[in-house]
Amino acid sequence: MKFKRGDPIEVVDMGSGFLGSFYDGTIISRVGKETYIVIFRTILEADQSGLLREFVKADKIRPKPADVLVSSFDVGEKVDVFANDGWWVGRIISKVGESEYLVHFDSTNQDILYLFSDIRVHQDWDAANEVWVCSHN
């Protein structure tokens, strides 16, 4: 998929401790055939001087998924949770109270409580067909 200036995207981070996390950004420009300059929405430069701009290979970029509106999540459902400046893939373990969910993360083997507002429906990007595959029933 080719991106153009201004496209909202997400960048996957496969680095140690960040496995499977996605970070919101915007395409600034294309550099060569397979590289883009991206400005991140929530990550700052090391010196805190502004939002991080970085060269990113095309295979680490996906379009920003459309919002899928839901009123609740089911136990066992795969979800994304916004934490530590990015989206992390987890699975709902249980609902706690009116608006909180306990989420399990396989990547860290942790169970953490999150507000409904910090959780979204997990979607996988099918790059071959350029479509989103939704995990919600």
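Tell me the residue from V56, V38, V70, V75 that is closer than 20 Å to V121 by Cβ, surrounded by 14 or more Cβ atoms within 10 Å (Cβ to Cβ) and either in contact with a strand residue (DSSP E or B) (Cβ under 8 Å, 6 or more places away or on another chain) or charged (D, E, K, R) (or both), please.
Of the residues listed, the single one that is closer than 20 Å to V121 by Cβ, surrounded by 14 or more Cβ atoms within 10 Å (Cβ to Cβ) and either in contact with a strand residue (DSSP E or B) (Cβ under 8 Å, 6 or more places away or on another chain) or charged (D, E, K, R) (or both) is V70.
Filter the stretch 82-137 down to the residues that are acidic (D, E), assigned to a loop (DSSP other than H, G, I, E, B) and within 17 Å of V70 (Cα to Cα) and list them by number.
Across the stretch 82-137, the qualifying residue is only E98.
May I ask you to say which residue of S135, S94 is small (G, A, S), over 22 Å from I43 (Cβ atoms) and without any contact (Cβ under 8 Å) to a residue 40 or more places away in the chain?
Exactly one of S135, S94 is small (G, A, S), over 22 Å from I43 (Cβ atoms) and without any contact (Cβ under 8 Å) to a residue 40 or more places away in the chain, namely S94.
Check whether at least one residue in the stretch 96-118 is at pLDDT 95 or above, within 22 Å of I9 (Cα to Cα) and out of contact with any helix residue (DSSP H, G or I) (no Cβ under 6 Å at 6 or more places or on another chain), and report yes or no.
Among the residues of the stretch 96-118, at least one is at pLDDT 95 or above, within 22 Å of I9 (Cα to Cα) and out of contact with any helix residue (DSSP H, G or I) (no Cβ under 6 Å at 6 or more places or on another chain), which makes the answer yes.
The values are calculated or read from the model by the stated rules, or taken from the named source; none is laboratory data. Note that the structure is predicted; figures quoted are calculated from it, not measured. So basically every Cβ, Gly included, is an ideal-geometry build from the backbone, and we count neighbours across all protein chains shown.
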